[in-house]
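**Student:** A single structure is presented below for examination.
The values are calculated or read from the model by the stated rules, or taken from the named source; none is laboratory data. It should be emphasised that the depicted structure is a prediction, and the values quoted were computed from it without experimental measurement. Glycine gets a Cβ as well: all are built from the backbone with ideal geometry, and neighbour counts include every protein chain shown. Accessible surface is based on the protein model in full, side chains and every heavy atom, while ligands, DNA and RNA are left aside. Shrake-Rupley method; radii C 1.70, N 1.55, O 1.52, S 1.80 Å.
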Amino acid sequence: NDADALLSLVHQLEHFISKETLLNNLKKNLADKNYRIFVAKENDVVIAFAELIFTQFIHEEKPRARLTSFCVDENFRNKNIGAKFLKFIEDFCVENNYFKIELTSNIRRINAHRFYESNGYVFASKRFYKELK
């Protein structure tokens, strides 16, 4: 029921996928026990979403969460909604014994970097990737 609102938020992150792709990916992801998606609503309308993947690295005692997507609708930003939603996500992780949250943010998203830093996140590494054809 929330697919159109989720698609709008995904597009705000500059990932211009189709609704069909969104629904197919969501169906696959929801089948994975290490995946969660959360939405924040106002008046029954999705205004934010967050995706988490949980993993256990061999070099750490406890599992961690990876925040793979986080978006507050541009019409609702700078209203403390993002900070409250992020705190909700962090509390969920603590309650479920995940000791760390990691995330990546596109180098161009300066405002997002400020947001994460103002909420206690620190820049600690570089992310590298390679497109495989």
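**Student:** Give the number of residues within region 100-112 that are out of contact with any helix residue (DSSP H, G or I) (no Cβ under 8 Å at 6 or more places or on another chain) and open to solvent by 50 Å² or more (accessible area, probe 1.4 Å). If you could, list the steps in order and put the result at the bottom.
**Tutor:** First pass over region 100-112, keeping only residues out of contact with any helix residue (DSSP H, G or I) (no Cβ under 8 Å at 6 or more places or on another chain): 100, 102, 104, 107-112.
Restricting the remaining residues to those that are open to solvent by 50 Å² or more (accessible area, probe 1.4 Å) gives 100, 104, 107-111.
Counting residues in region 100-112 that are out of contact with any helix residue (DSSP H, G or I) (no Cβ under 8 Å at 6 or more places or on another chain) and open to solvent by 50 Å² or more (accessible area, probe 1.4 Å) gives 7.
**Student:** If a residue must be part of a helix (DSSP H, G or I) and either open to solvent by 20 Å² or more (accessible area, probe 1.4 Å) or under 22 Å from Leu7 (Cα atoms) (or both), how many such residues does region 50-96 contain? Break it down stepwise before answering.
**Tutor:** Residues of region 50-96 part of a helix (DSSP H, G or I): 74-76, 81-95.
Of the ones still in play, those that are also either open to solvent by 20 Å² or more (accessible area, probe 1.4 Å) or under 22 Å from Leu7 (Cα atoms) (or both) are 74-76, 81-92, 94-95.
The qualifying residues number 17.
**Student:** Those residues that are surrounded by 13 or more Cβ atoms within 10 Å (Cβ to Cβ) and in a loop (DSSP other than H, G, I, E, B), I need them from region 1-16; list them, please.
**Tutor:** Asp2, Leu13, His15
**Student:** Further, regarding this structure: For region 23-44, state whether one or more residues are touching a Pro at 6+ places or on another chain (Cβ under 7 Å) and either at pLDDT 95 or above or buried (at least 16 other Cβ atoms within 10 Å of the Cβ) (or both).
**Tutor:** Filtering region 23-44 down to residues touching a Pro at 6+ places or on another chain (Cβ under 7 Å) leaves none.
No, region 23-44 has no match at all.
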